[in-house]
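Below: the structure, in structure tokens.
The values are calculated or read from the model by the stated rules, or taken from the named source; none is laboratory data. These figures come from a predicted structure and were not determined experimentally. Here the Cβ is made from the backbone with ideal geometry for all residues, glycine too, and neighbour counts use every protein chain on show. Side chains are part of the model used for accessible areas, which takes the heavy atoms of the whole protein and leaves out ligands, DNA and RNA. Shrake-Rupley method; radii C 1.70, N 1.55, O 1.52, S 1.80 Å.
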Amino acid sequence: MLCIPLARCATGPSLAPLPDPALSKEEKPEVEPAPGPGRLASLQLTEHARLLIEEKKPDEAIRTLERAVNLYPTNGGNYYYLAEAWLLKGNVREAGEFHGIAAMYLRGRGEWKVRLTNQREKISKASR
Amino acid sequence: MKKNKTQKPRPKKRKKRPSRTRRTLKLICLVTVLLTASLAGYLFYLSTEIDKRFSGRRWSIPSKVFSDTTILYPGQEIHKVSLEKKLRNLGYRNVNYKPREKGEIRFLKNTWELFLNDLQVPHTNRKGFPLLLTFKGNHIHSILNLQTQKPIPLFELEPELLMLFFGPEREQRRLISIKEIPGHTIQAVLAAEDNRFYEHFGMDPLSILRALYVNLRHGDIRQGGSTITQQLAKNYFLVPERTFTRKIKEVFLAVTMEFTLAKDEIIEIYLNEIYLGQKGSISINGIGEASRFYFGKHPGRLTLDEGAVLAGLIRAPNLYSPYADKERCTLRRNTVLKAMNKLGWISQEQMAKAISKPVRPSGYESYRKQAPYFVDYVSSQLSSLYPAEALSSLGLSIYTTLDTEVQRAAEAALVRGLKRLGPFDAGQEPNTKPQGALLVIQPKTGYILAMVGGREYGESQFNRLTQARRQPGSAFKPFVFLTGLDHFTPATRFSNEAKTYRIEGKPWNPKNYSPIPDKEVTMRTALAKSINLATVDLAIKAGLDRVVETALSFGFSSRFTPSPSLALGSFEVIPLELACAYCAFAADGSLPQPLSVKDVMDEKGKSMERRYMTVRKVTTPAKAFIMTSMLQSAVLEGTGRGLKALGIDFPVAGKTGTTNDLKDAWFVGYTPELLTLVWVGFDHAKPLPGSASDVALPIWADLMKEVKQHLSGGWFVMPPGVVGKEICIESGQLALPSKCPQRRREFFLEENAPKEYCTLHADYDPMERLIKGVKNLIRNF
């Protein structure tokens, strides 16, 4: 259900544009600025989807994550949970596709490293 | 012993003939037995017919096609007018008091108070609640749940009804159980139509006598003696003709029904069956649908006076309709209320209070097929799953990805864009007018948000996005450049000199759209400025077979020939396929499956079909990012640079396409959240008045300014495998900061990034350059 009690209310100004890639000075992976309102809303959906996966409701989780992806297309967490949901549904091919995208967006994010490794192992085990 | 022949014969016992009366009696008995047997047989036949009719599907319910739901959250930029229209389409009623009931809304200057309707869509079952939306400029400032007095981070608005798959009868009906209907509404119906319903056995001699008396007194037919059961029998089983035989059949059927069904079953079927008005060409049947149509609410929330209005309609729905004559409707309602009071079903006070209320219908929008090209596309998707008869009778609910706000904005942008063509558009025959098509898709999920397949569905149902095949021209170039990224970089220089190529033995001389003086141009410039000569050079060097392979892997179903003209898009594509192929650039190299149908549910809410976003990797995220970067240059410095003047102030990547003799004009542009394809051209391949930059680009810009609720203003994140380096524009090598005169930041695939510093300017003396510069300045002065 997409009406979630507020944890942190997003009432700030709209998202500041990301730096133009053609003008980027750094060669290291770009760091995204603080999330704007759409992204905050998306994070709420991601969290909701995570709970649905815990409750073993992959269909509901995928629908919620599709919404979250649209609001925050570069949030790797959405793809990680999409992979989890597809694993729950037993579709390893889809899980693998989304894991690949998740790994790309979440690279260098320490808190995700173990989870991504575990997920990769689960996928390779399931595909055997 | 021999018989004595002379013996007087015994008189023959004379057969006694039955008397006439006896014979008649016998005949009567026989006829009676026969009649009774026939009647019993007939009644048995009727009871099996009734059983057959009522045990299966009672009504054909049209399947419904819904849009997607809408998410609103604080901080979101919105288009207030468009959102208000959406709320009205959803049936929200404007009130001038604090909303008390579901579906009511009060518009104040910077706040909207609304009582949300229930939301029942797959995976979500939310009860309606009151909330307060506050705005700051064009943004939602906050959302407060008025029930809990707590702010909420987001909420979902119900989907809009796009279309109904009607059968030939064109009936709209919403089935309800008798338990959902308020007692007073049932009583109002009984008071108006058959107050002895629970006492008679299908026909009511008392009513017939009363009707006869009234009709004789007035010398006119003022009352019918038909019971509710008879009405049901007539509606369900008989043709509407006024004959004695039909009346007899009606009575038999009614009596049989009373034996076959319980009273509550009969009244429930009746309340779902009755005709209660007309919405354009669609008939409104049953209390469930009528309650929505006249009062915009679920029948469970009908008040006494509203229930009496609906009951009063049964006699002559279009005569007593509150939409036709409010005064007549009020009088009829009051008659029903008085009858209820006379029967002792409501008190004097209840009657007086209900009579004092004005009749306030909710208002409605005539049924119109929304997003017709999209709905046709959805139908074609469903045709493999369900036959047409199933769609018009099974009452399925089909939930789609369409965003009605984006759809309406797309339709309007196309109309305005074609009008801007001036004399080219005005006063021409419908079939010779320029056409256009517009598709809005979410590149990551493949959700189709809007689909406009032509300028006017009423004139032409041919969907130019899904059924047409048109030459893409330069809009195809990105797939040539992507193929080139295997061996070259955006800094690689390609020839811009005229050459003659041979296609099937014949010479072919490609030309640039406008003169470009440079003999060589970089890959980035070639794509940004859509330079034909350099593109063909690149395609030849990358390998034409490999360009074909790339195109096929991106999902094009066209037949490609590996000839040099392929590089300039000299073949035909289906526009939807072109849009999807571009999505892969915006989605880290993953090609999404275009999605229009999300869920199909049966009448009872059971899931029949479910489709999710699915992706297929067609290129690496690194290559997709570099393509996006080059396509951003096309918008900033190349053929799409007009966007800035058209008010597009957020980062965009995109590519124009204009075919030979200006027959087609394309623009495909995207952000991380949305990808929109615009095509303009004639069905009969006449030339347009301008290039894609003049014709297609303004339509794209016009639309994107209207759908900012879908845009974050953000940009793509650089994926692994890409490096950014400062290079010398002339040599394409790493720039020597103090020596190379023209430098720029460029992106490379890690594996083919330049490693050597500029050799062209290695010996360049900055002092010499300064002196040369001063000399040039003096000379020019």
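With a cut-off of 13 Å between beta carbons, the residues surrounding B:A579 carry a summed charge of +2, where Lys and Arg count +1 and Asp and Glu -1.
For A:K125, a cut-off of 16 angstrom between C-alpha atoms picks up these aspartates and glutamates, skipping any fewer than 8 places away in its own chain: A:E84, A:E94, A:E97.
Taken one residue at a time, the phi angles of the range B:202-214 give Karplus couplings (6.51, -1.76, 1.60, θ = phi - 60°) of x, 10, 10, x, 4, 5, 5, 5, 5, 5, 4, 4, 4 Hz. Gly and Pro are set to x.
Give me the dipole magnitude in Debye, nearest 20, for the range A:52-119 about the Cα centre, with unit charges on the beta carbon: positive for Lys and Arg, negative for Asp and Glu.
180 debye
Averaged over the residues of peptide A:63-72, the number of Cβ atoms from other protein chains lying within 10 Å of each residue's Cβ is 6. Legend note: in chain B, cysteines whose Cβ sits 4.7 Å or more from every other cysteine Cβ are B:C29, B:C329, B:C580, B:C583.
Take the Kirkwood radius over Cα pairs of the range B:263-312, plug it into Stokes-Einstein at 25 °C and 0.890 mPa s, and you get 220 µm²/s for translational diffusion.
Only DSSP H runs of four or more residues enter the estimate; each adds -39500 (n - 2.57), and after division by the residues of chain B the mean residue ellipticity at 222 nm equals -11000 deg cm²/dmol. Projected onto their three principal axes, the Cα atoms of the range B:679-725 cover extents of 47, 29, 17 Å, largest first.
Computed from phi, the 3J(HN,Hα) profile of the range B:696-713 under the Karplus parametrisation 6.51, -1.76, 1.60 (θ = phi - 60°) reads 8, 4, x, 5, 4, 5, 4, 5, 5, 5, 8, 10, 5, 5, 9, 10, 9, x Hz, with x in place of Gly and Pro.
State the answer as a single residue: which of B:C583, B:I729, B:N215 lies farthest towards the positive end of the charge dipole of chain B, with beta carbon charges of +1 for Lys and Arg and -1 for Asp and Glu, about the Cα centre. Ranked along the dipole, the leading option is B:N215.
The dipole here belongs to the protein assembly as shown: it is taken about the Cα centre, uses +1 on the Cβ of Lys and Arg and -1 on the Cβ of Asp and Glu, and is about 6340 debye. Comparing each chain alone with all protein chains together (probe 1.4 Å, DNA, RNA and ligands left out), the residues of the range A:95-117 losing at least 10 Å² of accessible area are A:E97, A:F98, A:I101, A:M104, A:Y105, A:R107. For the pairs B:K541/B:K663; A:K57/B:K606; B:K102/B:K444, flag any whose C-alpha to C-alpha distance is greater than 26 Å. Pairs exceeding the cut-off: B:K541/B:K663; B:K102/B:K444.
Its Cα gyration tensor gives the range B:165-308 an equivalent ellipsoid. The semi-axes, each the square root of 5 times an eigenvalue, are 26, 18, 16 Å from largest down.
Accessible surface area normalised per residue over the protein assembly as shown is 47 Å², counting heavy atoms of protein chains with a 1.4 Å rolling probe. Amide H contacts of B:V573 (H built 1.01 Å from N, in plane; Pro and chain starts excluded): B:R470, B:Q471 sit under 5 Å, all sequence-distant by 5 or more or on other chains. Using every pair of distinct Cα positions in the range A:37-127, the Kirkwood expression returns a hydrodynamic radius of 12.7 angstrom. Relative to the longest principal axis of the Cα atoms of chain B, the long axis of helix B:621-636 lies at roughly 80 degrees. With distances taken between every two different alpha-carbon atoms, the range B:309-364 has a Kirkwood hydrodynamic radius of 11.5 Å. Which entries in A:K89/B:K604; B:K623/B:K772; A:K113/B:K136 show an alpha-carbon gap greater than 32 Å? Checking Cα-Cα distances, B:K623/B:K772; A:K113/B:K136 exceed 32 Å.
Magnitude of the charge dipole for the range B:722-780, about its Cα centre and with charges confined to Cβ atoms of Lys, Arg (+1) and Asp, Glu (-1), is about 400 debye. Computed on the range B:473-571, the Cα convex hull volume stands at 87 Å³ per residue.
Couplings for the range A:110-121, taken from phi via the Karplus curve 6.51 cos²θ - 1.76 cosθ + 1.60 with θ = phi - 60°, read x, 5, 9, 4, 5, 4, 5, 4, 4, 5, 4, 5 Hz in order; Gly and Pro are left as x. Here the scattering of the range B:120-170 is modelled by Debye summation over its C-alpha atoms, one equal scatterer each and no solvent; at q = 0.20, 0.30 Å⁻¹ the log10 of I(q)/I(0) is -0.84, -1.16. Under 5 Å between amide hydrogens, built in the peptide plane, is the criterion, and for B:Y447 it picks out B:Q442, B:L595 among residues at least 5 positions away or on other chains. With all projection directions averaged, the alpha carbon convex hull of the range B:291-410 covers 10.5 nm². In the protein assembly as shown, the portion of solvent-accessible area held by carbon and sulfur atoms comes to 54 percent [1.4 Å probe, whole percent, DNA, RNA and ligands not counted]. The GluC sites (Glu not before Pro) of the range B:128-224 meeting both criteria, a DSSP state outside H, G, I, E and B (loop) and at most 15 other C-beta atoms within 10 angstrom of the site's C-beta, are B:E169, B:E199. Amide H contacts of B:Y513 (H built 1.01 Å from N, in plane; Pro and chain starts excluded): B:N532 sit under 5 Å, all sequence-distant by 5 or more or on other chains. The Stokes-Einstein estimate for the protein assembly as shown, based on a Kirkwood radius over Cα pairs and taken at 37 °C with 0.692 mPa s viscosity, is a diffusion coefficient of 101 µm²/s. With all pairs of different C-alpha atoms in the average, the Kirkwood value for the hydrodynamic radius of the range B:69-158 is 13.1 Å. The accessible-area loss of the range B:699-725 on complex formation, taken against its chain alone with a 1.4 Å probe, reaches 50 Å² or more at B:S712, B:W715, B:V717, B:M718, B:P720. Taking label positions 7 Å along the Cα-Cβ direction at both B:A412 and A:R120, the computed distance is 5.0 nm, reported to one decimal. For a Förster distance of 51 Å, can you work out the FRET efficiency between the beta-carbons of B:K136 and B:F259, rounded to the nearest 0.05? The value I calculate is 0.15.
What does the C-alpha gyration tensor say about the overall shape of chain B? Classify as rounded when a/c is under 1.5, otherwise prolate if a/b is larger than b/c, or oblate. Intermediate results must be reported in sequence, preceding the final value.
Working: a/c = 3.57, a/b = 2.30, b/c = 1.55.
Prolate shape, in that a/c is at least 1.5 and a/b is the bigger ratio.
Of all DSSP-defined beta bridges confined to the protein assembly as shown, some 90% are antiparallel rather than parallel.
Taken along its principal axes, the alpha carbon cloud of the range B:722-780 reaches lengths of 45, 20, 13 Å, longest axis first. For GluC sites (Glu not before Pro), the sites in the range B:687-770 that DSSP calls loop and that have at most 13 other Cβ atoms within 10 Å are B:E756. Of the trypsin sites (Lys or Arg not before Pro) found in the range B:332-374, those in coil by DSSP whose Cβ has at most 15 other Cβ atoms within 10 Å are B:R368, B:K369.
List the accessible area buried at the contact between A and B, summed over both sides and calculated with a 1.4 Å probe, in Å² to the nearest 100.
4800 Å²
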